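Reading through the structure tokens given below for one structure.
Bear in mind that the values in this text are calculations on the coordinates, not laboratory data. If you're wondering where the values come from, they're calculated on a predicted model, not measured in any experiment. Reconstructed Cβ throughout: ideal geometry from the backbone, glycine too, with neighbour counts over all protein chains shown.
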Amino acid sequence: MSKYKYIFFTFSGLLVLAGIISLAVFRLNLGVDFTGGSVLEVQLKNQAIFSNQEIKDSLQGLSLGELKVRQTAEKTIIIKLKNIDEETHQKILNALTEKINSAVLKIEDQKVESAASQEQPTGNIISQGQDDLSKKSAPSAVKTVKLPALEELRYDSVGPIIGSELQRKALIAIIVVLIVIILYVAWAFRKVSEVTRDKKEAFKFGAAAVVALSHDVLIVLGVFSVLGKFWGVELDVAFVAAILTVIGYSVNDTIVVFDRIRENLLARSADIFSGVVDKSITETMSRSLNTSITTLLVLLAILFFGGAAIRYFVLALIIGISIGTYSSIFIASQILIVWQGRR
């Protein structure tokens, strides 16, 4: 396994480089939680179809400023705008309801006209009473139509100060997690330094784990910067939770491999370091793969059958766990070999 380490490094380096370039060019499409503002999500309850511009035009008289409108495959409309009060919130809902109702009336009128045009006279003589009855039946069909317009799924309003505070706290949380991971791994693997006769060896284990999880996080961020640029995916607080979960999962998988390396080092102190690492990877690979695959199966089920609110949270976990499993086996352990070399 170790003889292919530079192939693994090249592949990972290309992925990380692509992620960094994507972040530099496209940046992350931060949601209302981080930038401040209001977001309204409604779901249409009928067959009406609108373009984003039509939705903006229906709200033009409310002086809302710049609007960002996005629609999903589930007939959901997501509107992002500046901070608004509750009165304006209700005006937006009323304007959207009127727009949808008018569209439904047009659809029903077209159906009635189409049905009337397809009717053919059955004889040469038609009574005046029947003509009057048919003329009155068309508008009455329109009047009796029920008009379910929309259902409000979500409404959030966050001030810009709170958004900036969330950004700062999210960054601090990630930095603190990285420092604690290095310190904990260094303490847990302190006995390895006695075998390798290198006092810094324990910290190398911690640093290798942090490099591997940084590799995972950068790739996930790169993917979501592309999704934000071309598909309008916005990042919220749930995405921060997903990143922290990916960090925890990646470290957990890496520690499984490192722990077996430690055991084999203590038992085979005279062996070549790279050989010990290869043997340890072979012994733990099936366990790591089985754990990751069963987790991914659950996440895929949630992705396809769960709600839209957690879709991108689950997608971040799927990407992060997949990359984290790869990095734990093929990156973190190989970094130890490069740093340690032959004893």
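Structural remarks
- Least to most buried among R262, R168, R311 (fewest other Cβ within 10 Å first): R168, R311, R262
- Net charge of neighbours whose Cβ lies under 15 Å from the Cβ of I21, counting Lys and Arg as +1 and Asp and Glu as -1: +2
- Which of W187, W339 has the fewest Cβ neighbours within 10 Å, and the rest in rising order: W187, W339
- Exceeding the 28 Å Cα-Cα cut-off - candidates K169/K191; K68/K169; K68/K91; K3/K200; K45/K169; K5/K229: K169/K191; K45/K169; K5/K229
- Electrostatic tally near K56: other residues with Cβ closer than 10 Å to its Cβ, Lys and Arg +1, Asp and Glu -1, net -2.
- If you take all other residues with their beta carbon under 13 Å from the beta carbon of S12, and give Lys and Arg +1 and Asp and Glu -1, the sum is 0.
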